[in-house]
1. What's the extension gain from residue B:222 to residue B:247 if we count 0.36 nm per residue and subtract their Cα-Cα distance?
2. So how do A:206, B:326 line up by other beta-carbon neighbours within 10 Å, fewest first?
3. Taking the Cα atoms only, what angle lies between the long axis of helix A:263-276 and the longest principal axis of chain A, rounded to 10 degrees?
4. Please average, across the residues of A:59-68, the number of beta carbons from any other chain that are within 10 Å of each residue's own beta carbon, and give a whole number.
5. Give me the three principal axis extents of region B:281-346 from the C-alpha atoms, as integers in angstrom, largest value leading.
6. From the Cα gyration tensor of region A:177-306, with a ≥ b ≥ c the square roots of its eigenvalues, which class applies: rounded if a/c is under 1.5, or else prolate if a/b is larger than b/c, or else oblate?
7. I need to check one value: relative contact order of region B:69-220, counting alpha carbon pairs closer than 8 Å and at least 6 residues apart, in percent.
8. Could you state the angle between the C-alpha long axis of helix A:119-131 and the longest principal axis of the C-alpha atoms of chain A, as a value from 0 to 90 degrees rounded to the nearest 10?
DNA sequence: TTGTTTGATGGTAGCGCTACCATGTTAGCG
DNA sequence: CGCTAACATGGTAGCGCTACCATCAAACAA
């Protein structure tokens, strides 16, 4: 009567947690698993009474749907990959906020990746995120490594490249950095500054700051002026701005205006000028880029360019969502407008 | 010869993308799928030559592992859920940075959720994240809705509740807000301020600010002083700080010191005082909480309390990682030290 | 020799869910 | 009354991967 397998009465100890599954909910509710699935995902397609029984069973068992299994079966995960070069920069944080709000409202979950301005790391992140069957991808910048570019080209889901303007892989939401730099340069010339220096931080990596410098340089050239530049080899911060001011005062004492690559640097310099007893703008004028709240609260208020950060995030999200819902996209390339904020610092 | 099924020669059009799978890599490399899996996940367990053939096939096919399938099969996802009340606050951003760096280095991916200080939303996020089979959870605060608490209690993976100190569900990393508030109150008394007002923002939601107020109140009471408080009904910001200063000047003109719930408010007030031509600290002293860089760059420097934000994130991550690696945990409750930064604003 | 360990590989059987098709039931229509 | 459409539900067959066990050869000890 006993057989050879008697020593192993249970089929086999398997992996997996002991959490209730859809099947158990189905049994408890007296329906088939597929009906439970429908009751949870497309309630409209299920009879009201059945739905009630299902929700009851869910509550009673404390069932939490296994989203991983669902994603595998449906080959889509409601993840949106977001890849930015830095979290230290308030600009990206605000863009992310815009993205987060727009996507969360539609039930998408953001997977956040941070490249630290390293294209190798960017490629790695893209690979990983593709592995999660993301529904879409938002990435900062138009420049990627060749391998990464190839990976993205064959990926047939919506992609937004943001922050800068240009023709990219798929969708694009950005602002014209060259024009922004030119704009501020024009303003400084209008105010009769003639010895203008540009100060940036890590511009080999933050190449968008370099694009602004190009615009700046072009305008100065048209006015027959040189466009000297100082590059710091540390990321922008208030402290770095203070250091930069010292460098300018020492190396180019006749400078009458500094065009900073961002508000952190500019505000740091402005506060440092106060400590040094320098008048802004009488002794030296200071301009920034981004329009962070900070710059608008110091005295004198910082002249800067308001970049629409949350808006950029929101627009990027809307473009992706439009694609995902098969809605028409009128313009694959969105030029987000910026605004010049004239403070008293110039 | 023909049969009834002839009209459907192919088995059936199935879902799923056309991306290469592990199986195809295995065929290309002339090994079994399981060997490919091992070659990718535990290269040490595979012969060197076999490994080479596999990597070659991977490269050639452009294979990207489907992490969703892997997670389902292994019932673990290398996701870490991180739930914070707000992304608008620089404090949480820095904590997240600390978490991100520590987890990313070990190959974990953060799933970020934002409750907007809403316990209902928190519960919803926890449910969703549990559905992703996260390996661990980091959540801000010790207070959760009852349902959420229940869900977490039965979840047998590492949890860190952070930001505040106390006995929680599992692990805890935080600072003693009551003591921090007391500390600053003592400092203000030392400096002979006697008419001290506390100013907070949305303290029903930001209850940790309230804990600091409790500490503040206790110290003042010991000195026989009242502890008046003004609560703003908007979140902390530079602008809100300016508004708050106006309120204090109007409602309690004899105030000689303001203890703000955070640096944003305090710095906003400080800058506004300058605009009004008020001397800080001669006319009014100002103190904050957090030790954000901003407050250390204004003149006078802000007196504040340095909360170890990135450290808190890093420590939280380390606790989780220790659990995940079955390393011993000496203390389930970590009290992160804070430091009083005395500026010239008091 | 025989037994035991180690190293490399493979086969089987799911993980928990949803896409796809099929079925039955009721309503609507000429 | 037959025919179609709409609704409600169920069965089957995977999604792409890994846990678990088994196998087989080579190495080594007794």
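All of the numbers you see were taken from the coordinates with simple rules; none came from a lab. Since this is a predicted model, take the numbers as computed values, not measurements. For neighbour counting, all protein chains shown are included, and Cβ atoms are generated from backbone atoms with ideal geometry for every residue, glycine included.
1. This chain segment gains 6.3 nm when fully extended.
2. Numbers: A:206 20, B:326 6.
If I rank by nearby Cβ atoms, fewest first, I get B:326, A:206.
3. 40
4. Details: counts 0, 0, 0, 4, 0, 10, 4, 7, 9, 14.
Mean shielding by partner chains, rounded to a whole number: 5.
5. Result, largest extent first: 56, 18, 10 Å.
6. Cα axes put region A:177-306 in the rounded bin.
7. Averaging sequence separation for qualifying contacts and normalising by length gives 19 percent for region B:69-220.
8. 20
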